[in-house]
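The values are calculated or read from the model by the stated rules, or taken from the named source; none is laboratory data. No experiment lies behind these values; they were computed from the predicted model shown. Counting neighbours? That spans all protein chains shown, and the Cβs are built from the backbone with ideal geometry, glycine included. These accessible areas exclude ligands, DNA and RNA; they are computed on the full protein's heavy atoms, side chains included. Shrake-Rupley method; radii C 1.70, N 1.55, O 1.52, S 1.80 Å.
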Amino acid sequence: QVELVESGGGLVEAGGSLRLSCAASERTSGTYAMGWFRQTPGQQREVVAVISWTGTGPLYGNSVKGRFIISRDNAENTVYLQMNSLKPEDTAIYYCAAGPKFTTASGAYESWGQGTQVTVSS
C-alpha cells in the first residue's frame with residue numbers, strides 16, 4: 001500500500017470547474033491503476049473515473065462522462081481529475097485510490113486517500 005494525499009477540492013458555482021490532484025507518497029513497486037471515487041452521506045461509494053498504469057482506456061461513471069477527465073503523471077506519482085460543467089449533484093467527498101487491478105470496482109483498490117470535499121452551489 002501507498003499513502004495517497006488529495007488536494008484541490010472546494011466550493012464552486014454550478015457550471016464551474018475544479019481540478020483535483022492525488023499524490024502518492026512513493027513510487028509503487030508495480031503497475032498500479034488509480035482512480036477517483038465519490039461518496040455522499042447515506043450513499044454507497046461510486047466510481048467517478050479510473051485509469052490504468054499506462055494511461056490507456058480511462059473509464060468513467062455514467063454521470064460524469066463528457067464532463068470529467070482523468071489523467072496521470074507516473075514520473076510525479078500523481079493522478080488528476082479535471083471536473084468541468086459541475087452540477088450540484090456532483091457535491092460529495094472525492095477519494096483517490098490505487099490498486100493492482102484496472103477496474104471500476106472500489107473493493108479492488110487497496111490504498112485510499114483521506115478524501116477531499118467538493119461542493120457545487122446552485
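Observations on the structure shown:
- Condition met for A23 (open to solvent by less than 20 Å² (accessible area, probe 1.4 Å) and either closer than 15 Å to G115 by Cα or among the β-branched types (V, I, T) (or both)): no
- For V2: the one exception among (1) part of a loop (DSSP other than H, G, I, E, B); (2) farther than 20 Å from P100 by Cβ; (3) among the hydrophobic types (A, V, I, L, M, F, W, C): (2)
- Among the residues of the stretch 34-46, those identified as under 20 Å from L86 (Cβ atoms) and either open to solvent by 50 Å² or more (accessible area, probe 1.4 Å) or free of Cβ contacts under 8 Å to residues at least 60 places away in the same chain (or both) are Q39, T40, P41, Q43, R45, E46.
- Lone qualifier among G99, G115 - being in contact (Cβ under 8 Å) with a residue 40 or more places away in the chain, under 11 Å from the mean Cα position of the chain (by Cα), open to solvent by less than 40 Å² (accessible area, probe 1.4 Å) and over 13 Å from R19 (Cα atoms): G115
- In the stretch 1-21, the residue that is nearest to the chain's Cα centre (by Cα) out of those that are among the hydrophobic types (A, V, I, L, M, F, W, C) and modelled with pLDDT of 95 or more is L20.
- Top-ranked residue in the stretch 58-88 [being of a type in the set (S, T, N, Q) and surrounded by fewer than 19 Cβ atoms within 10 Å (Cβ to Cβ); ranked as nearest to V5 (Cα to Cα)]: T78
- Each residue in the stretch 102-112 was checked for being out of contact with any Asp or Glu (no Cβ under 9 Å at 6 or more places or on another chain) and surrounded by 18 or more Cβ atoms within 10 Å (Cβ to Cβ), and 3 of them qualify.
- Across the stretch 47-67, the number of residues qualifying as in contact (Cβ under 8 Å) with a residue 24 or more places away in the chain and either among the hydrophobic types (A, V, I, L, M, F, W, C) or within 16 Å of A97 (Cα to Cα) (or both) comes to 10.
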